[in-house]
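Enquirer: After the structure tokens below, expect a handful of questions from me.
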Amino acid sequence: MKKITGAEIVIQTLIEEKVDVIFGYPGGAVLPIYDELFKQKKIRHILVRHEQAAVHAAEGYARSTGKVGVVLVTSGPGATNTVTGLADAMMDSVPLVCISGQVPTHMIGNDAFQEADIVGITRPCTKHNYLVKDVNILPNVIHSAFFIAKNGRPGPVLVDIPKDIQTFKAVYKGKKNTKVISYYKPNLKPNINQIDQFIKLLENSEKPIFYVGGGVINSGEVASKNLFKLIKSTGFPCTQTLMGLGAYPTSDNQCVGMLGMHGTYEANMSMYNCDLMICVGARFDDRITGKVSGFSPKSKKVHFDIDASSFNKSVNVDLTVQGDLARILQVINKKIEEKKTSFKKAKIKDWWIQINKWRSKDCLKFKNSDKIIKPQHALKRLDFLTKKYNPFITTEVGQHQMWAAQFLTFNKPKHWMTSGGLGTMGYGLPAAMGVQIAHPNSLVIDVAGEASILMNIQEMSTIKQFRLPVKIFILNNHYMGMVRQWQELLHGNRLSESYMDSLPDFVKLAESFGATGLRTEKPSEIDDLIKEMIKVKGPVICDVIVDPSENCFPMIPSGSTHNQMLLGPNDKVEGEISEDGMVLV
């Protein structure tokens with residue numbers, strides 16, 4: 001067979017992996033690969049303006065499609081600029097393959113121009129990584145990278161390819177004849193005995209709750225459908241994590257809202273008082289659990305997950321079931337049907353009465369105004385006016401992110417993209433680009449804050465180049481809102497470096513990039529602004545001036561338990577505050 005260059009092998013392997021889009025930025029150490037990209041027409045390249053944005057765009061693409069996102073960057077700073085994005089993808093279980101260039105093999109370790117040990121640097125923030133020193137194993141490595149990225153618990157994989165390896169030649173026999181060099185074999189089939197134990201727990205429970213995470217969405221639409229079927233057949237309540245929103249319809253009556261630090265009163269109180277907690281594809285993150293020793297103290301705990309390393313990591317549970325969530329849920333439903341198990345509503349009647357009492361507090365209520373725009377009101381109107389378009393929503397990180405999670409409706413999986421685990425400011429805009437590339441005819445909205453949007457604002461240039469009709473909805477309160485809120489509540493209202501007093505004119509900024517800029521500070525104009533934003537065919541930046549003093553409630557102070565929530569501005573933090581902002585209750 002004819003020998004081809006390493007650069008050609010890279011392109012051929014990507015084509016066989018059915019890659020249609022790459023997000024990247026060229027440089028000296030990857031020019032042979034870019035030369036091969038130029039010669040073909042099967043893969044589209046999206047030129048970003050910063051490598052961090054390339055990874056976030058690939059995340060948005062991956063999360064909204066279920067495919068593996070692909071990134072291509074050069075060596076040195078090109079590679080190191082991807083670290084934040086890779087860490088973000090690792091925390092949020094996003095399947096990515098990042099290909100980085102490297103200095104020639106004989107220069108590695110000599111502090112060559114634009115050299116960085118990216119394999120060493122990214123070892124803690126990737127699922128796996130490779131430094132390719134032999135062109136003959138390059139096909140194996142790339143196909144293995146895709147296998148690892150998308151199988152089991154998804155995550156990012158980095159492949160570092162020295163420049164000389166890109167020019168050396170080898171035979172490529174195609175994917176079918178290329179051995180995947182990986183010992184990674186996740187267990188996909190659940191243990192039937194454990195499933196039987198779980199069903200018995202279901203039958204005996206009087207105060208159950210399903211706790212649903214992003215793993216359900218990662219497992220695919222079959223998992224979401226089977227979850228819906230199970231929850232409906234049991235009649236049990238369901239709460240979702242920030243990453244799990246849309247795995248189960250948030251508008252359904254059995255959904256009691258988001259769980260955790262800024263979750264609903266009814267969700268958190270249900271978790272605290274339940275007798276059976278069923279965790280489906282979540283990892284007991286600290287923003288969910290609050291004070292671990294006081295987390296769901298009265299319950300039997302069950303954990304379904306594909307990643308066994310998540311079991312008993314921070315919260316000890318009574319029953320674990322490892323496997324692909326779609327298969328686990330399918331088996332449970334089948335067992336329930338075979339056994340003709342029925343769940344009597346009378347058994348959980350009192351539980352629902354109690355949940356509805358908690359619901360009656362209306363914990364998301366806010367005092368609206370006809371003089372100044374409340375951020376909650378702006379998002380409620382955004383939700384109402386865009387619902388029929390079934391929009392894809394991305395967010396930056398901060399108060400606006402939590403308000404979006406609280407007030408927007410998510411009835412389908414893969415329509416909500418946010419940075420959960422790492423909390424990366426600057427995520428939303430490039431993620432929205434990736435979503436828009438994947439869904440060119442859909443409405444894609446980045447809900448942003450004026451501080452966070454500036455982290456990757458240069459990507460407006462990418463949006464202009466590729467004519468992406470992304471809508472950016474800025475809730476502008478002139479503060480790093482979440483920082484200010486914590487400083488107000490936990491640090492004696494000492495607002496240290498949280499005020500943004502040198503903001504750009506976002507309307508003029510939008511126009512400078514060939515986009516449409518809209519602004520309002522009047523509640524009476526918010527509907528017209530949103531309608532105009534939707535009507536405009538191209539990209540739009542909406543600068544919505546909102547109440548700078550508004551705080552995001554409910555809130556569980558760090559170090560507190562679910563029954564120690566602050567429901568509004570009149571609630572006070574009880575307990576001594578430690579130096580790191582923890583509440584010592």
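The values are calculated or read from the model by the stated rules, or taken from the named source; none is laboratory data. As the structure is a prediction and not an experimental result, all values here were calculated from the model. Note that each Cβ is placed from the backbone with ideal geometry, even for glycine, and that neighbours are counted across all protein chains shown. SASA here: full protein model, heavy atoms, side chains in, ligands and nucleic acids out. Shrake-Rupley method; radii C 1.70, N 1.55, O 1.52, S 1.80 Å.
Enquirer: Among the helices (runs of 4 or more DSSP H) confined wholly to segment 455-553, which include 1 or more residues that are among the hydroxyl-bearing types (Ser, Thr, Tyr) and free of Cβ contacts under 8 Å to residues at least 40 places away in the same chain? Walk me through how you get there before you give the answer.
Expert: On the way: elements: 460-465, 481-490, 506-512, 526-535.
Counting at least 1 such residues, we get 506-512.
Enquirer: Within segment 545-560, is there a residue that is polar (S, T, N, Q), in contact with a strand residue (DSSP E or B) (Cβ under 8 Å, 6 or more places away or on another chain) and open to solvent by 10 Å² or more (accessible area, probe 1.4 Å)?
Expert: yes
Enquirer: What's the total number of residues in segment 498-525 that are at pLDDT below 95 and either touching a Gly at 6+ places or on another chain (Cβ under 6 Å) or under 17 Å from Gln399 (Cβ atoms) (or both)?
Expert: 3
Enquirer: Given the residues Gly423, Gly449, which is the only one that is out of contact with any Ser or Thr (no Cβ under 8 Å at 6 or more places or on another chain) and on the phi > 0 side of the Ramachandran plot?
Expert: Exactly one residue qualifies, and that residue is Gly423.
Enquirer: Does Gly434 meet the test of being part of a loop (DSSP other than H, G, I, E, B) and within 16 Å of the chain's Cα centre (by Cα)?
Expert: no
Enquirer: Ok, one more. Is one or more of the residues making up segment 368-389 in a loop (DSSP other than H, G, I, E, B) and closer than 23 Å to Val70 by Cα?
Expert: No.
Enquirer: Any idea which of (1) more than 27 Å from Gly420 (Cα to Cα); (2) free of Cβ contacts under 8 Å to residues at least 60 places away in the same chain is the one Gln330 doesn't satisfy?
Expert: Of everything listed in (1) more than 27 Å from Gly420 (Cα to Cα); (2) free of Cβ contacts under 8 Å to residues at least 60 places away in the same chain, Gln330 misses just condition (2).
Enquirer: Would you list the helices (runs of 4 or more DSSP H) that sit entirely within segment 124-238 and hold 3 or more residues that are surrounded by fewer than 19 Cβ atoms within 10 Å (Cβ to Cβ) and outside the structural domain of Ser64 (by TED's automatic domain parsing)? If you could, list the steps in order and put the result at the bottom.
Expert: Values: elements: 138-150, 163-167, 192-204, 214-218, 221-234.
The helices (runs of 4 or more DSSP H) meeting that bar are 192-204, 221-234.
Enquirer: Name every residue in segment 105-123 that is open to solvent by less than 30 Å² (accessible area, probe 1.4 Å), touching a helix residue (DSSP H, G or I) at 6+ places or on another chain (Cβ under 9 Å) and either part of a loop (DSSP other than H, G, I, E, B) or farther than 23 Å from Ile22 by Cα (or both), in order of residue number.
Expert: Ala116, the sole residue that qualifies.
Enquirer: For Gly69, are the conditions met, namely being on the phi > 0 side of the Ramachandran plot and open to solvent by less than 10 Å² (accessible area, probe 1.4 Å)?
Expert: Considered against the rule, which asks whether it is on the phi > 0 side of the Ramachandran plot and open to solvent by less than 10 Å² (accessible area, probe 1.4 Å), Gly69 comes out as no.
Enquirer: May I pose another question? Please determine, by comparing only the residues of segment 25-48 that are farther than 24 Å from Asp134 by Cβ and crowded, with 18+ Cβ neighbours inside 10 Å, which one is farthest from the chain's Cα centre (by Cα).
Expert: Pro26
Enquirer: Checking the structure you have, find out if any residue of segment 93-103 is assigned by TED's automatic domain parsing to the domain that holds Glu17, open to solvent by 30 Å² or more (accessible area, probe 1.4 Å) and either among the aliphatic types (A, V, I, L, M) or part of a loop (DSSP other than H, G, I, E, B) (or both).
Expert: Checking segment 93-103: not a single residue is assigned by TED's automatic domain parsing to the domain that holds Glu17, open to solvent by 30 Å² or more (accessible area, probe 1.4 Å) and either among the aliphatic types (A, V, I, L, M) or part of a loop (DSSP other than H, G, I, E, B) (or both).
Enquirer: Please tell me if Ile11 is open to solvent by less than 20 Å² (accessible area, probe 1.4 Å) and at negative phi.
Expert: Yes: the conditions hold for Ile11.
Enquirer: Just for helices (runs of 4 or more DSSP H) wholly inside segment 247-345: which have at least 2 residues that are over 22 Å from Leu201 (Cα atoms)?
Expert: 265-273, 286-289
Enquirer: Moving on. Within segment 503-514, can you find the residues that are in contact with a strand residue (DSSP E or B) (Cβ under 6 Å, 6 or more places away or on another chain) and surrounded by 14 or more Cβ atoms within 10 Å (Cβ to Cβ)?
Expert: Passing the criteria: Phe506, Val507, Ala510.
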